[in-house]
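Report on one structure; see the data block that follows.
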Amino acid sequence: MTDRPSSRVLLVGPPNVGKSVLFNRLTGLSAGVSNYPGTTVEFAEGQMTLEHGGSATVIDAPGTYSLQSKNEAERVTTRLLDSSPDLVLGVLDALRPETGLYLALDAMNRGHPVILVVNRIDLARERGYAIDVKALSDAVGVPVLATSGASGLGIDDVRRNINHAVSGERPRPARMDIPNWETTECLAGVLRRETGDGRHRGTTSERLEDLLIRPWPGFPLALVAVAISLGIVVGVGMGLRQYILLPLIRDTLLPIVASGVQSVVSPGVLREIMVGEYGFLTKGIEWPLTLVLPYVVSFYFVLSFLEDSGYLPRLAALIDGMMARLGLSGAGIMPLLLGYGCGIPAIMATRTLETRRERLTVASMICLAVPCIAQTGAFIALLAEASIFVLLGVFAISIGALIMAGMVLGKILRGTKPGLVMEIPELLLPRVSVMLTKVWARAKHYLMDGVVPVMLGVAFAALVHETGAIDVVGRYVQPLVTGWLGLPERAAVPLLLGIFRRELTVLPLLDMDLTALQLFTGAVVGLFYVPCIAMLSVLAKEFRASIALIILGTTTAMAFLMGGLLTRIISLFMM
Amino acid sequence: MSVQVTHDKTPGANGILGNLFTRAVGSFEHACAAHAGFARWYEKSFYRDVVEREESMAELPQQAHVLHIGAGRYPFTALILARKGHKVMGIDHDADAVESARRIVRAEGLDSCVKILHRDGTDVDCRDYDAVWVSFHVHPRDVILERCSQTLSEGSTLIARIPSGLGRLAYGSCKADIGEGCRCDSFKSVLVVKGGAADTEALAPFTLDRVPIDQEVHVVEGNGHPHLEPLGIRAGKPVRVCARMPVGGAVLVDIDGRKVALGTEIARCVRCRRSMAVD
Ligand SMILES: Nc1nc2c(ncn2[C@@H]2O[C@H](COP(=O)(O)OP(=O)(O)OP(=O)(O)O)[C@@H](O)[C@H]2O)c(=O)[nH]1
Ligand SMILES: [Mg+2]
């Protein structure tokens, strides 16, 4: 029995009903979970052990409102359904069951064996609903289970039923008629009854929900929220750096490393490359761990709060009118915000956007002028000491460029204008443990994927520097770097390295004793300069290789153009 | 089907002001009848737009049969509709006006398409018409409107011009309650009633983007966006608009406690109905 290919169990349901939470419970993995529709945009597989040995493959799919997919994320799900999984777990939200129920009935109609899972029963109970799974099960003729993914309630029951369904007697697919909304609503009524003793509407959180989304005071509150978020990212980041990471890394770890190396490696070029002033074991460790890591932590802390509270869809609704001016819908704000963390999930997140034109516009905006958190950390390190205004200036330029890019792309890209259809989820109080898990996941990701490339980059820079190769390179790039941008020749190296990690366009400038104007120019060039290689490959995969190339070319050209122009304009005023 | 139109008699309605107003309209039409050039300019620069807007609300078929109650001394509406290829029957209860109107129709060379009869509006039969226009100043309006809506056949449309602004001072406002089988909508100063069972072609849209805040309406038809039905925006469902963002921003609606934000473009394509039409 174990040599049989493992059964495939597919989680299907509307967005934001808790499929990924259930997936994590069943497989022990940690797929991304957050309180807005469209968190999952790519399927994930995990193993669930069965009772009699062997295992089943559980697949978490993007949420979908219907089986006529409207966007790329939904297409992933319909494709998975078409690959005829052995069992479909139709997940419903106990608060509003009919959407998921319709979907599950549709899947049954197409001949899939289905088990219904009614999730978030804790929320439904709290709101004064009673859930009767037995009645629904009798009505539709397939097992119906109630769960609370958040607390783990009912998960064992799900396991047992999966076990039962995939080992031995496979459930006969219960053939259903093509569902219609009347019957679905009836069935939803069978499942869920109002008991009347729930938390009544008009509670504080209800009132807060209303306030957040009315134009007044929604707009001012949104500005306040953004300001507070920025404050926390920068403030907490600086605090972490100053009081934890600097003492730990620079003052404790690095001297040990340095003396260790010095005792083994004799003085010379090699030692300089390793632990010299720009050695990859000194700066190569100090930069990523003390300049970038603190902001990775503080940013993802704030982002997970925003994601888990359910504020982001509200922001999307508020900003929709403005985004419409750029030919986008409010939903575009989500990938853009994710982009301030990392461009890769951000480009993936454009899958929830409806039109290709909107996807492409948002992805290009991210590549051009949204600095990832690693780069932002580098900006803060580079600029905040010179002057906070230079830092704010760079961000103002970033926002301005985003708007310009949106307008220009809106003119040149063809296609229909997108419209917003966004479900606004309940506001939930984010659980600290969930937020910490997310932050830890991102920090770990940075430690694994980010630190080594930076070390290698620094090693390369040190090598070029120590061997004198910089003079050769410098001669070639002299007109561009020195002549046009007004930067020292050495600044050519970070531009070379920037293609690997975006922070590398900025970090090496730190120790070049640049003037405020040069810092600003360097930062502007870094801001617009090419997306990293990983982003380019995602672009090529999500769109086309030619589009990745066009973006590569445009961003490079923009970087040099804007850098040079701004230097000239500002130096005019400074004279 | 039935339409009850109750006339809200504000003090002074149809009194001195109303009289003055009717007279003013009368002499204006008189002037038009006398100066063909002025009439043509007026028709082109103002009247045609109005009628075209009403025509699109009525969703007229090609070469429709139209009845116009209160055609007036200078039958602008009839002429404009006739030039668009429709067949128009105009009636008026003022013999002088009928005389004048006939003369003008002849002068415009449209007498094959426009007939003008001397008839009272209170006992018309609208059965044979695709659309019925009711003028602004017909009297008694409530009786005429009720009569029209009772005899309107399935799928036909009643376009009633309703006093608004200054006109309301003169004529009083009009409250219409539509019953089973009718769809009713109002635009600033036009009341549109669609005759026939609820499943006939819906009338010119009264769309979600224009529903006042906190008013409950029923969805008549979504716009085919596949997310709308699953989110509860489907025929017959009551929805409430909770907020609308300024300058063309999103509309926030509440369906059974579920909140959904719709871009204006999307909201503009969701058609709704409400039981109360005009105020
Ligand atoms: N109270 C409560 N919240 C839950 C429960 N299950 C999930 N949630 C919350 O619901 C939100 C959505 O959960 P996800 O697992 O991301 O939903 P999803 O179905 O994967 O959503 P998409 O990936 O967007 O399709 C998160 O904020 C969860 O914390 C539950 O049983 N009870
Ligand atoms: Mg998910």
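The values are calculated or read from the model by the stated rules, or taken from the named source; none is laboratory data. It should be emphasised that the depicted structure is a prediction, and the values quoted were computed from it without experimental measurement. Reconstructed Cβ throughout: ideal geometry from the backbone, glycine too, with neighbour counts over all protein chains shown. Ligands, DNA and RNA are excluded from the accessible area calculation, which covers all protein heavy atoms including side chains. Shrake-Rupley method; radii C 1.70, N 1.55, O 1.52, S 1.80 Å.
Which of the peptides B:152-162, A:368-378 is most tightly packed, and how do the rest follow, judged by the mean count of other Cβ atoms within 10 Å per residue?
A:368-378, B:152-162
Relative to the longest principal Cα axis of chain A, at what angle does helix A:155-166 sit, 0 to 90 degrees, rounded to 10?
Taking the Cα atoms of chain A, the angle to A:155-166 is about 70 degrees.
Per-residue mean of other chain beta-carbon atoms within 10 angstrom of the beta-carbon, peptide A:59-72?
What the average comes to for A:59-72 is 2.
Taking amide hydrogens as modeled 1.01 Å from N in the peptide plane, which residues meet the under 5 Å criterion relative to B:ARG268, leaving out close sequence neighbours?
B:ASP209
With a 1.4 Å probe and all protein chains left in place, how much accessible area per residue does the protein assembly as shown have, in Å²?
Ligands and nucleic acids excluded, the figure is 43 Å² per residue.
For a test of the definition: using alpha carbon positions, the gyration tensor, and the 1.5 limit on a/c, classify chain A as rounded, prolate or oblate. Intermediate results must be reported in sequence, preceding the final value.
Values: a/c = 2.17, a/b = 1.80, b/c = 1.20.
Because a/c hits 1.5 or more and a/b exceeds b/c, chain A counts as prolate.
May I ask which residue of A:PHE573, A:ALA459, B:GLY70 lies farthest towards the positive end of the charge dipole of the protein assembly as shown, with charges of +1 (Lys, Arg) and -1 (Asp, Glu) on Cβ and the Cα centre as origin?
Value computed over the given set: A:PHE573.
What's the total accessible area buried between chains A and B, using a 1.4 Å probe, rounded to the nearest 100 Å²? Could the numbers behind the result be given before it?
Values: alone 25820 and 13580 Å², together 36870 Å².
Approximately 2500 Å² gets buried when A meets B.
Beyond a 20 Å Cα-Cα separation, which of these cross-linked pairs lie in this structure: B:LYS84/B:LYS115; A:LYS134/B:LYS237; B:LYS87/B:LYS115; B:LYS44/B:LYS84; A:LYS19/A:LYS417?
In this structure, A:LYS134/B:LYS237; A:LYS19/A:LYS417 exceed 20 Å between Cα atoms.
Within 10 Å of each Cβ of A:328-336, how many other protein chain Cβ atoms are there on average?
So the per-residue partner count for this stretch is 1.
Pop a pseudo-label 7 angstrom from the Cα along the beta-carbon direction at both A:SER151 and A:SER546 and give the gap in nm to one decimal.
Distance between label points: 5.7 nm.
Would you mind classifying the stretch A:1-92 by shape? Square roots of the alpha carbon gyration tensor eigenvalues, ordered a ≥ b ≥ c; an a/c under 1.5 is rounded, otherwise it is prolate if a/b is larger than b/c and oblate if not.
oblate
Counting partner chain Cβ atoms within 10 Å of every residue's Cβ in B:116-124, what's the average?
Working: counts 0, 0, 0, 0, 0, 0, 0, 0, 0.
Partner-chain Cβ atoms within 10 Å, mean over residues of B:116-124: 0.
Using Cα atoms only, what is the angle between the long axis of helix A:533-542 and the major principal axis of chain A, expressed in degrees (0 to 90) to the nearest 10?
40
Mind checking the angle between helix A:432-449 and chain A's longest principal axis? C-alpha axes, 0 to 90 degrees, to the nearest 10.
Between the helix axis and the principal axis of chain A, the angle is about 50 degrees.
Amide H neighbours of B:GLU221 under 5 Å, counting only residues 5+ apart in sequence or on other chains, H built in-plane at 1.01 Å?
The answer is B:ARG271.
Assuming a ≥ b ≥ c are the square roots of the Cα gyration tensor eigenvalues, decide whether the stretch A:8-194 counts as rounded (a/c under 1.5), prolate (otherwise, with a/b larger than b/c) or oblate.
Rounded, because the longest to shortest axis ratio a/c is under 1.5.
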